[in-house]
Amino acid sequence: MVSVVLGKRRLVMVLSRAVHVVCLALAFALCCVQAGYAQAPDDAVALWRLTNPSGGSAVLMGTVHLLPNDDSWADKRLRKAVKQADLLVIEAKTTGKDEAKVKAFALERGFRPIGAPALADTLSPEDATRLRQAEGALNIPVGMTARMQPWFAALNLTLASVMQQGFSAESGAESWLTDRFEKDGE
């Protein structure tokens, strides 16, 4: 866990899960968004307020790591909750040293060993065809996924698709919440 003091406010980032679990969760979330399963009504942010009878409260928010390049999704209930908050806890910090950890993990575990067969050669003919079609549809250079592990190729193809639709990590909920929390604390 990382804690940063901002005047009277604290920013806490919880990094309690292994990096590979975060990557897997991100891939699953992106697949859900891509398939349309994770779409909420246009005007709804998933917020829950927990209130302690003695007066304390907490607001929980379901987050998405990649969002469109605007903050139109951040409704006034969310903006008010962030403005009133004196503590922000997020699942993962997506910049700095933590981003470097994810990249190091990808380099260590995301690629097939030297001398191993290419990814397409390990797939059924149908799946190899689907892989080539996905690469073509996304304008991914031939062979880009050849050395990747299947999970890493799937993650990269999903990311490429979502990014081509205008989504980015810089616009994700964690980045927006962190930026807004820091600005409101000044």
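The values are calculated or read from the model by the stated rules, or taken from the named source; none is laboratory data. Computed from a prediction, not measured in an experiment: that's the story for all the values here. All Cβ positions, even for glycine, are placed from backbone atoms using ideal geometry, and neighbour counts span all protein chains on display. SASA here: full protein model, heavy atoms, side chains in, ligands and nucleic acids out. Shrake-Rupley method; radii C 1.70, N 1.55, O 1.52, S 1.80 Å.
Observations, loosely collected:
- Of all the numbered requirements in (1) at pLDDT below 50; (2) over 30 Å from F152 (Cβ atoms); (3) open to solvent by 60 Å² or more (accessible area, probe 1.4 Å), L11 misses one, and that requirement is (3).
- Screening V45, V89, V64, V102 for residues that are part of a strand (DSSP E or B) and under 18 Å from the mean Cα position of the chain (by Cα) leaves exactly one candidate, V89.
- Sole exception among (1) free of Cβ contacts under 8 Å to residues at least 40 places away in the same chain; (2) more than 19 Å from L66 (Cβ to Cβ) for V89, by number: (1)
- A search for C-beta distances below 8 Å between a residue of segment 47-68 that is touching a residue at least 60 places away in the same chain (Cβ under 8 Å) and any residue that is acidic (D, E), counting only pairs 6+ apart in sequence or on different chains, returns T63/E91; T63/E174; H65/E174.
So that you can scan it fast, the table gives a plain yes or no per residue for (1) within 16 Å of Q133 (Cα to Cα); (2) part of a helix (DSSP H, G or I); (3) open to solvent by 30 Å² or more (accessible area, probe 1.4 Å):
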{"position": "T145", "(1), (2), (3)": "yes, no, no"}
{"position": "A153", "(1), (2), (3)": "yes, yes, no"}
{"position": "N156", "(1), (2), (3)": "yes, yes, yes"}
{"position": "S161", "(1), (2), (3)": "yes, yes, no"}
{"position": "E170", "(1), (2), (3)": "no, yes, yes"}
{"position": "T178", "(1), (2), (3)": "no, yes, no"}
{"position": "E182", "(1), (2), (3)": "no, yes, yes"}
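- Sole residue being over 17 Å from the mean Cα position of the chain (by Cα) and not basic (K, R), chosen from M163, M148: M148
- Matching residues in segment 131-181 - criterion: being touching a strand residue (DSSP E or B) at 6+ places or on another chain (Cβ under 6 Å) and either at positive phi or of a type in the set (D, E) (or both): G166, E174
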